[in-house]
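Structure record follows, encoded as structure tokens.
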Amino acid sequence: QRLISAGRVRVNDVSAKSSQKIKSGDAISLDSPKPAPLLVDGQPTRLDILFEDSTCLVVNKPAGVAAHPGPGHWDDTLLNALLDHAGRAGAEAMRGLVHRLDKDTSGVMVVAKTREAHGRLAAQFEQHSIIRQYEALVHGVPEPCQGMIELALGPDRSNLKRTSANTQFPKAAVTGYRVERPFGAAAAHLVLMPRTGRTHQIRAHLQAIGHPILGDSMYGPISSCHPAITAVPRVMLHARILGFAHPLTKIYCEFTANAPADFQTLYDAFRVTALH
């Protein structure tokens, strides 16, 4: 079901649907994900570790790095780097990613190092008790200046790579937002607090209210909305705060990472042009 939803199953070279009936003569092809190599040399240099102990590790993922192996990125992902960081003695204990950030999204992620830690952290995500705060640069300025986007999401009917309200399998999705700073009427800096964790939730929700994230070619125009600013290098979304109960001590921990240079450069450019 997950492979079909991801568009990796095709019937006669056309993406299949889970309800599709197969008939004699149909040619079925499957793009099956390959297992990630256990160790990848050189990857530790890409890790910005904010915290590490025997149960978990918190990293600041850079933009442009996929979290998990997939088509086109089998051995240059965050998970590959984490396995290499663990070393031969600890790689078997590295249980993997509890959650993910999109390839172009930067920011804080927690990784479990034991089976028990993975289960306890995953339970917190399922119960929506994790504290998450993102920031984004978006087209236009949302009205009102703060609110809650409550819109069920699922795989888009016409494009399974996208998430939208136009879906056969809607799941409740809630995102809180606050306009941190408007830049005239052209753009705004938002703080976002997702209450649920659907795929592409923030990106799809912001598109749904008419304020897609700058640089997001899948959910909105990729170009800047200001004539003086044309270069938008990526999806301008950053996960800046992550808070959770430590899987062993149960003490609340919170980690913060500042937005990277490309985000800050664009922010400053908007701030300067808004002053003139």
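The values are calculated or read from the model by the stated rules, or taken from the named source; none is laboratory data. Computed from a predicted model, the values in this text were never measured in an experiment. Methodologically, a virtual Cβ is constructed for each residue, glycine included, from the backbone with ideal geometry; neighbour enumeration extends over all protein chains shown. Note: accessible area is taken over every heavy atom of the protein model, side chains too, but ligands, DNA and RNA are not part of it. Shrake-Rupley method; radii C 1.70, N 1.55, O 1.52, S 1.80 Å.
Listed values, structure above:
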item	result
Among (1) in a strand (DSSP E or B); (2) over 28 Å from T265 (Cα atoms) - the single one F169 does not satisfy	(1)
Verdict on A36 being at pLDDT below 90 and not in a strand (DSSP E or B)	yes
Complete set of residues in the stretch 250-261 that are within 14 Å of P62 (Cα to Cα) and either aliphatic (A, V, I, L, M) or modelled with pLDDT under 95 (or both)	A257, A259, A261
Long-range neighbours under 6 Å by Cβ, at least six apart or interchain, first residue farther than 20 Å from A122 by Cβ within the stretch 46-63, second assigned to a helix (DSSP H, G or I)	R46/A81; L47/A81; L47/H85
Pick from the stretch 178-191, criterion assigned to a strand (DSSP E or B) and more than 13 Å from P212 (Cβ to Cβ), ranking: nearest to the chain's Cα centre (by Cα)	V191
For D216: the one exception among (1) open to solvent by 10 Å² or more (accessible area, probe 1.4 Å); (2) modelled with pLDDT under 95; (3) at negative phi	(1)
Restricting the stretch 113-162 to residues that are more than 30 Å from H246 (Cβ to Cβ) and of a type in the set (D, E), the residue that is surrounded by the most Cβ atoms within 10 Å (Cβ to Cβ)	D156
Failed criterion for H211 (all others in (1) assigned to a strand (DSSP E or B); (2) closer than 17 Å to E135 by Cβ; (3) not hydrophobic (A, V, I, L, M, F, W, C) hold)	(1)
Search result, residues across the stretch 167-177 that are open to solvent by 70 Å² or more (accessible area, probe 1.4 Å) and either in contact with a Pro (Cβ under 8 Å, 6 or more places away or on another chain) or within 17 Å of P212 (Cα to Cα) (or both)	Q168, F169
Leading residue by the ranking (surrounded by the most Cβ atoms within 10 Å (Cβ to Cβ)) among those in the stretch 250-272 that are of a type in the set (S, T, Y) and not in a helix (DSSP H, G or I)	T256
Qualifying position, being more than 26 Å from D48 (Cα to Cα) and not aliphatic (A, V, I, L, M), among Q146, Q124, Q133	Q146
Selection count where residues are open to solvent by 50 Å² or more (accessible area, probe 1.4 Å), under 10 Å from V111 (Cα atoms) and either in a helix (DSSP H, G or I) or at pLDDT below 85 (or both), scope the stretch 79-101	1
Test for S29: is it more than 21 Å from F244 (Cβ to Cβ), surrounded by fewer than 19 Cβ atoms within 10 Å (Cβ to Cβ) and modelled with pLDDT of 90 or more	yes
